[in-house]
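Each remark here refers to the structure printed beneath this line.
The values are calculated or read from the model by the stated rules, or taken from the named source; none is laboratory data. The structure presented is a predicted model; accordingly, all values stated were derived computationally and were not measured. Positions of Cβ are generated from backbone atoms using ideal geometry, with glycine treated the same way; all protein chains shown enter the neighbour counts.
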């Protein structure tokens, strides 16, 4: 989960390189992510032993695809286009809270003091980083910021719901089998919304930096990171898995400082300490199996 969220944290500045020229839209980038990862998972599956998936589980995989990819990525992209980047970044800190509440409701995981303290510490640290790095962006709203904020919130809720509802299911099949079908479903679902943008894109206008950035987004920020997410989902409780979401603003901030786009200060140092302290507290909290009868 740490590796996957580090990769996603790097994706933010890299995606800006791709979209800075205006050649590709966010929807096209999303479609390329899903299509590229789908092809890579299918190619890998040809070199593995064939795994039969029951019809009922194909339906479950479709549901997992809707929550983890279609609603998560689709709602976020449309939401960001309507609201401010600052608002969107702040709302993303709600995901671990949703994971804790949903895990308590569906999996009967206990809501312990350590979990609450950990999520609060991580959220405070993430907010300090976000507000400190994007005050100017947060001051500018989008075309319909209320709808945009709701869509970004829906993206966090759908991903948290995926972590909770499919916690036990992902161990039934291999990682590649699960991912190839999830991304296939996602590609079919999103294509009707993105094909116009795909057809209108001037692919020859992409420069070398944009092409390399797209390769990173597809190969690392989608193919590899989603494999890692399933590994983490199999091994960790949903609340713990969700807490690693707070690593993304840390990585994005570190990259901005390294590139000279931001500067390090005491507030950022405190924020990083709070985030990792929060992750530690939630990781150390007791699971349902560890609670006394």
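The table for this structure:
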{"read-out": "Listing of helices (runs of 4 or more DSSP H) fully contained in the range 1-100 that carry 2 or more residues being modelled with pLDDT under 80", "value": "2-20, 72-82, 85-92"}
{"read-out": "Failed item, numbered, when residue 145 is tested on (1) modelled with pLDDT of 85 or more; (2) farther than 26 Å from residue 237 by Cα; (3) in contact with a helix residue (DSSP H, G or I) (Cβ under 7 Å, 6 or more places away or on another chain)", "value": "(1)"}
{"read-out": "Near pairs, Cβ below 6 angstrom, 6+ apart or cross-chain, from the range 273-293 (over 21 Å from residue 127 (Cβ atoms)) to any residue that is surrounded by fewer than 12 Cβ atoms within 10 Å (Cβ to Cβ) and at pLDDT 80 or above", "value": "288/108"}
{"read-out": "Within the range 195-289, helices (runs of 4 or more DSSP H) holding 3 or more residues that are loosely packed, with under 13 Cβ neighbours inside 10 Å and over 22 Å from the mean Cα position of the chain (by Cα)", "value": "266-284"}
